[in-house]
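Before any comments, here is the structure.
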Amino acid sequence: MVRNTFAVRQSRGRGVGVVVASLRMTPRDPGGADAAAAAIDVQVPRWLRRHGVVGVHWLQAAPAVRARMDAVREVGQSDASADYVLLIEATRVSDVQDMRCEVLSTGVLEQYGFTEQGFAIYSLLYEVSALGGETMLGKRR
C-alpha cells in the first residue's frame, strides 16, 4: 500500500478521464530535487495538449502533514510513500501508453532528474453523480 499526503504543484484539465496513469518518482539526487521538479513543471501544460489527455496533476509529498496524520492514525503508518506523483487522465489506455513510451519513459525521467518508483494505469468503472436522482431500468425516480 502506498499512501501519502501531497501538495499540489499543478492540476490542470478539462474533464474526468476514463483512464488514469499514476507515475511515482523520487529525485535521483536529493540536492537536485527542486531542479527536477521544475523540469516537470514546464512539461505539464505541454502534456495536457496531447491527444486524448484531459487532465494532468503533478503532486509533491508533504511529509510534515503525513507525520501529523501518522501520529494520530492507528493503521497505515508502515505504508510506503512517494516523493512525487504524476497523474495523467485520458480518454483511452492507448493515450497514456503513448505518453509512457514517448515522454514518460524511465530514460526521459532520468533526464529530468527522477528515478521511477512505480507506474500503473487504472480504468474508471463508473462515476456517481448527485444530479438527477436514481435511474432504474431506464426510468428516473
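The values are calculated or read from the model by the stated rules, or taken from the named source; none is laboratory data. Being a predicted model, the structure only gives us computed values, none of them experimental. Quick reminder, even Gly has a Cβ in these numbers, built from the backbone with ideal geometry, and neighbours come from all protein chains shown.
General observations
- Residues of the stretch 1-33 that are over 12 Å from the mean Cα position of the chain (by Cα), among the charged types (D, E, K, R) and surrounded by 12 or more Cβ atoms within 10 Å (Cβ to Cβ): Arg3, Arg28.
- Residue match in the stretch 90-111 (condition: under 20 Å from Gly32 (Cα atoms) and among the acidic types (Asp, Glu)): yes
- Subset of the stretch 94-111 [under 13 Å from Arg24 (Cα atoms) and of a type in the set (A, V, I, L, M, F, W, C)]: Leu104, Leu109
- Scanning the stretch 1-55 for residues that are acidic (Asp, Glu) and either at pLDDT below 95 or in contact with a Gly (Cβ under 8 Å, 6 or more places away or on another chain) (or both) gives a single hit, Asp29.
- Within the stretch 38-53, the set of residues being buried (at least 18 other Cβ atoms within 10 Å of the Cβ) and among the aliphatic types (A, V, I, L, M) comprises Ile40, Val53.
- Residue tally, condition of a type in the set (A, V, I, L, M, F, W, C) and at pLDDT 65 or above, over the stretch 62-93: 10
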